[in-house]
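The values are calculated or read from the model by the stated rules, or taken from the named source; none is laboratory data. This structure is a prediction, so every number in the text was calculated from the model and none was measured. Here the Cβ positions follow ideal geometry from the backbone for every residue, glycine too, while neighbour counts run over all protein chains shown.
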Amino acid sequence: MSHTLFIADIHLCTEEPAITAGFLHFLRREAQHADALYILGDLFEAWIGDDDPNPLHAEVARALRQLTIPCYFIHGNRDFLLGKRFAAASGMRLLPEEQVLELYGKRVLIMHGDTLCTDDEGYQRFRRKVHNPWVQRLFLALPLFVRQRIARKMRAGSKAANSGKDIAIMDVNPQAVAEAMHRRNVPYLIHGHTHRPAVHQLEIDGHPAERLVLGAWHEQGSMIKVSADDIALIAFPF
Ligand code: MN
């Protein structure tokens with residue numbers, strides 16, 4: 001049965017080998033049988049440039065390249081610096097931050113999801129800064145060890161900032177969701193980022209609509225399977 005798969009928030013890092021193993025197994029056993037795989041951001045826990053010699057990156061690139069189906073990537077808030085070099089090495093095609101797909105007769109909007117969290121003004125300010133192409137160019141021109149130091153500091157700062165934030169502030173804003181779905185004229189939205197896997201029934205412009213949220217890969221995997229028959233959110237063991 002032909003279908004397309006979506007995943008997000010795998011947060012791959014050297015410190016979590018079980019998640020890496022689960023992801024590599026998912027590519028071979030599950031993704032390989034789909035029509036296409038869409039990775040909706042935060043594939044990696046951190047990304048400071050495609051020139052990072054971390055062996056995990058080469059291992060993941062090799063596994064992705066072995067897929068014989070098309071694989072697409074939308075940046076997350078942690079791996080937003082993932083660039084053309086890694087895309088070429090892995091065979092992933094980089095997509096813009098929002099994309100509308102026509103899949104088996106369904107119009108589906110896909111994104112990472114951080115742009116929907118408009119109540120978190122501190123984060124949105126930070127996002128605008130680090131998405132400035134000049135800021136990115138300057139950062140990537142720094143020596144690797146300096147970038148590593150900055151990234152460590154920023155992660156510690158973001159942890160401290162988030163610990164003081166109301167849980168609701170870090171979820172999506174309902175108006176931002178409705179506005180995005182109305183603007184792109186879609187009955188389906190798939191995103192990750194919030195780590196709150198769920199299928200939300202909505203009404204957009206007087207029509208039934210669905211917002212499907214992918215789960216993060218902590219103790220188990222999470223994927224969304226779109227086929228002609230339905231759209232399903234599925235949790236599975238590694
Ligand atoms: Mn995220």
(request) Output the residues belonging to the stretch 195-215 that are surrounded by fewer than 21 Cβ atoms within 10 Å (Cβ to Cβ) and within 23 Å of LEU43 (Cα to Cα). (result) HIS195, ARG196, PRO197, ALA198, VAL199
(request) Please list, ordered by first then second residue, the pairs with beta carbon atoms under 6 Å, 6 or more apart or interchain, first in the stretch 211-236 and within 21 Å of GLY105 (Cβ to Cβ), second in a strand (DSSP E or B) and of a type in the set (Gly, Ala, Ser). (result) LYS225/ALA232
(request) Filter the stretch 32-76 down to the residues that are of a type in the set (Asp, Glu) and within 22 Å of GLN136 (Cβ to Cβ), then identify the one that is surrounded by the most Cβ atoms within 10 Å (Cβ to Cβ). (result) ASP42
(message) Filter the stretch 129-150 down to the residues that are within 19 Å of LEU40 (Cα to Cα) and either part of a helix (DSSP H, G or I) or among the small types (Gly, Ala, Ser) (or both) and list them by number.
(response) VAL130
(message) Any residue at all in the stretch 64-83 that's under 22 Å from ALA34 (Cβ atoms), without any contact (Cβ under 8 Å) to a residue 24 or more places away in the chain and away from the ligand (no atom under 16 Å from the Cβ)?
(response) no
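Quick grid of which residues meet (1) at pLDDT 95 or above; (2) within 16 Å of the ligand (Cβ to nearest atom); (3) not in a helix (DSSP H, G or I):
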| site | (1), (2), (3) |
| --- | --- |
| ASP52 | yes, no, yes |
| GLU59 | yes, no, no |
| PRO96 | yes, no, yes |
| LEU101 | yes, no, yes |
| ILE110 | yes, yes, yes |
(request) Could you check, for the stretch 118-136, whether at least one of its residues is within 16 Å of the ligand (Cβ to nearest atom), among the small types (Gly, Ala, Ser) and surrounded by 15 or more Cβ atoms within 10 Å (Cβ to Cβ)? (result) no
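Filter the stretch 151-173 for residues that are under 24 Å from VAL135 (Cβ atoms) and surrounded by 13 or more Cβ atoms within 10 Å (Cβ to Cβ); which is modelled with the highest pLDDT?
Looking only at the stretch 151-173, we keep the residues that are under 24 Å from VAL135 (Cβ atoms), and these are 151-162, 165, 170.
Next, from what is left, pick out any that are surrounded by 13 or more Cβ atoms within 10 Å (Cβ to Cβ): 151, 154-155, 158, 161-162, 165, 170.
On the way: ALA151: 91, MET154: 87, ARG155: 86, SER158: 84, ALA161: 84, ASN162: 85, LYS165: 83, MET170: 86.
Looking at the filtered set, the residue picked out is ALA151.
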(request) Just give me the residues in the stretch 6-21 being in a helix (DSSP H, G or I) and closer than 18 Å to ASP79 by Cβ, in sequence order. (result) ILE19, THR20
(message) Checking the conditions here, which among ALA36, ALA88 is away from the ligand (no atom under 15 Å from the Cβ), under 20 Å from GLY192 (Cα atoms) and at pLDDT 95 or above?
(response) ALA36
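Hey, can you tell me all the residues within the stretch 61-94 that are part of a loop (DSSP other than H, G, I, E, B), within 24 Å of SER2 (Cα to Cα) and under 16 Å from the mean Cα position of the chain (by Cα)? I'd like the intermediate steps shown before the answer.
Initial filter on the stretch 61-94 (part of a loop (DSSP other than H, G, I, E, B)): 66-70, 74-83, 91-92.
Of the ones still in play, those that are also within 24 Å of SER2 (Cα to Cα) are 66-70, 74, 91-92.
Listed by number, the residues that qualify are ILE74, MET92.
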